[in-house]
1. Looking at the range 1-57, which of the residues that are out of contact with any helix residue (DSSP H, G or I) (no Cβ under 6 Å at 6 or more places or on another chain) and of a type in the set (S, T, N, Q) is nearest to Leu148 (Cα to Cα)?
2. Of a type in the set (Val, Ile, Thr), surrounded by fewer than 20 Cβ atoms within 10 Å (Cβ to Cβ), touching a helix residue (DSSP H, G or I) at 6+ places or on another chain (Cβ under 8 Å) and over 22 Å from Val123 (Cα atoms) - does that describe any residue in the range 78-98?
3. Can you find, within the range 184-239, the residue that is farthest from Arg32 (Cα to Cα) among those that are polar (S, T, N, Q) and at pLDDT below 80?
4. Which of the residues spanning the range 143-166 are of a type in the set (Ser, Thr, Tyr), surrounded by fewer than 21 Cβ atoms within 10 Å (Cβ to Cβ) and more than 15 Å from Leu221 (Cα to Cα)?
5. So in the range 52-78, with the set limited to residues that are assigned to a loop (DSSP other than H, G, I, E, B) and touching a residue at least 60 places away in the same chain (Cβ under 8 Å), which one is farthest from Arg142 (Cα to Cα)?
6. Output the residues belonging to the range 91-105 that are more than 19 Å from Gly41 (Cβ to Cβ), under 25 Å from the mean Cα position of the chain (by Cα) and in a helix (DSSP H, G or I).
7. In the list Ala140, Ala102, Ala107, Ala117, which residue meets the criterion of being modelled with pLDDT under 95 and either hydrophobic (A, V, I, L, M, F, W, C) or touching a strand residue (DSSP E or B) at 6+ places or on another chain (Cβ under 8 Å) (or both)?
8. Among (1) of a type in the set (D, E, K, R); (2) under 15 Å from the mean Cα position of the chain (by Cα); (3) modelled with pLDDT under 95, where does Arg88 come up short?
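The values are calculated or read from the model by the stated rules, or taken from the named source; none is laboratory data. Treat the numbers as computed from the prediction; the structure is a model and nothing was measured. Positions of Cβ are backbone-derived with ideal geometry, glycine not excepted, and every protein chain shown enters the neighbour counts.
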Amino acid sequence: MANPFAQSLSTALGLVLHADAALLAIVALSLRVSALACLFGAALGLLAGAWLAVARFPGHGLAVGALNTLLALPSVVVGLVVYLLLSRAGPLGSWGILFTPAAMVIAQTLLVLPLIAALARQVVDDALRDGGDQLQALGAGRAMTALLLLLHERRAVLTVLLTAFGRAVAEVGAVMVVGGNIDGVTRVMTTAIALETSKGDLPLALGLGLVLLGVVALVNLLLALAPQPVDAWQGGRGQ
């Protein structure tokens with residue numbers, strides 16, 4: 001008797017190698033939604049995190065603590081909040097984007113935003129201890145110092161964005177709530193894997209899982225090949 005897992009895996013590999021149309025459509029939507037969410041999350045999160053690293057104001061510690069607390073926010077809660085905002089009775093119901101990819105992008109953006117901001121704050125805070133004094137001695141203000149440190153620590157920033165993308169592309173709760181998992185419209189890799197597994201269609205679920213692992217592996221490979229930044233001020237210290 002043939003092994004069911006081996007049969008499913010063989011069929012899954014066939015779907016991937018032959019570029020099954022249904023599989024490619026799900027993968028394309030998933031990557032598009034997660035990439036847009038990370039783009040919007042990075043635009044806000046990197047600036048917010050960098051500012052929080054250099055700013056000093058009453059309640060600064062509480063703000064950092066609140067940001068770190070949001071890291072543990074369940075994705076289904078984010079989905080619920082976005083659902084309530086975009087539902088017909090919600091304040092943004094007139095937009096009419098609930099159960100569309102746009103709603104999924106909003107949900108994933110809110111999900112990765114605290115992650116990007118918290119990690120960016122830590123990156124800038126660590127870099128500030130190493131070279132921030134020299135930048136400020138040269139006349140750079142706090143905002144300029146934060147931006148220069150982000151640019152200098154671009155490899156660390158790339159790691160932050162990779163982490164956020166991994167969180168977004170592997171997320172299922174929020175996109176299920178606001179997207180509805182509609183075939184051909186809002187079905188992404190994670191929701192499709194959950195649905196196809198429950199239906200017993202293991203080959204498609206396994207195929208999507210293999211593609212997801214392949215995407216993450218490729219991004220990690222590109223990150224590993226990225227050149228290390230030259231530490232100008234550390235070199236200056238040794239002179």
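1. Ser10
2. Residues of the range 78-98 that are of a type in the set (Val, Ile, Thr), as a first pass: 78, 81-82, 97.
Keeping just the survivors that are surrounded by fewer than 20 Cβ atoms within 10 Å (Cβ to Cβ) gives 81, 97.
Going one step further and asking which of them are touching a helix residue (DSSP H, G or I) at 6+ places or on another chain (Cβ under 8 Å), we end up with 81, 97.
Still in the running and over 22 Å from Val123 (Cα atoms): 81, 97.
Yes, there is a match, as at least one residue in the range 78-98 is of a type in the set (Val, Ile, Thr), surrounded by fewer than 20 Cβ atoms within 10 Å (Cβ to Cβ), touching a helix residue (DSSP H, G or I) at 6+ places or on another chain (Cβ under 8 Å) and over 22 Å from Val123 (Cα atoms).
3. Kept after step one, since they are polar (S, T, N, Q), are these residues of the range 184-239: 186, 190-191, 197-198, 220, 228, 234, 239.
Next, from what is left, pick out any that are at pLDDT below 80: 220, 228, 234, 239.
Values: Asn220: 18, Gln228: 28, Gln234: 39, Gln239: 47 Å.
Step by step, filter the range 184-239, then rank; the result is Gln239.
4. Within the range 143-166, the first condition is being of a type in the set (Ser, Thr, Tyr), and the residues that meet it are 145, 159, 163.
Next, only the ones that are surrounded by fewer than 21 Cβ atoms within 10 Å (Cβ to Cβ) stay: 159, 163.
Within the range 143-166, no residue meets the criteria.
5. Of the range 52-78, the ones assigned to a loop (DSSP other than H, G, I, E, B) are 55-59, 73-74.
Subset that is touching a residue at least 60 places away in the same chain (Cβ under 8 Å): 55, 74.
Working: Ala55: 7, Pro74: 33 Å.
Among them, the one singled out is Pro74.
6. Result: Trp95, single match.
7. Values: Ala102 fails: modelled with pLDDT under 95; Ala107 fails: modelled with pLDDT under 95; Ala117 fails: modelled with pLDDT under 95.
Of the residues listed, the single one that is modelled with pLDDT under 95 and either hydrophobic (A, V, I, L, M, F, W, C) or touching a strand residue (DSSP E or B) at 6+ places or on another chain (Cβ under 8 Å) (or both) is Ala140.
8. That leaves (2) as the condition not met.
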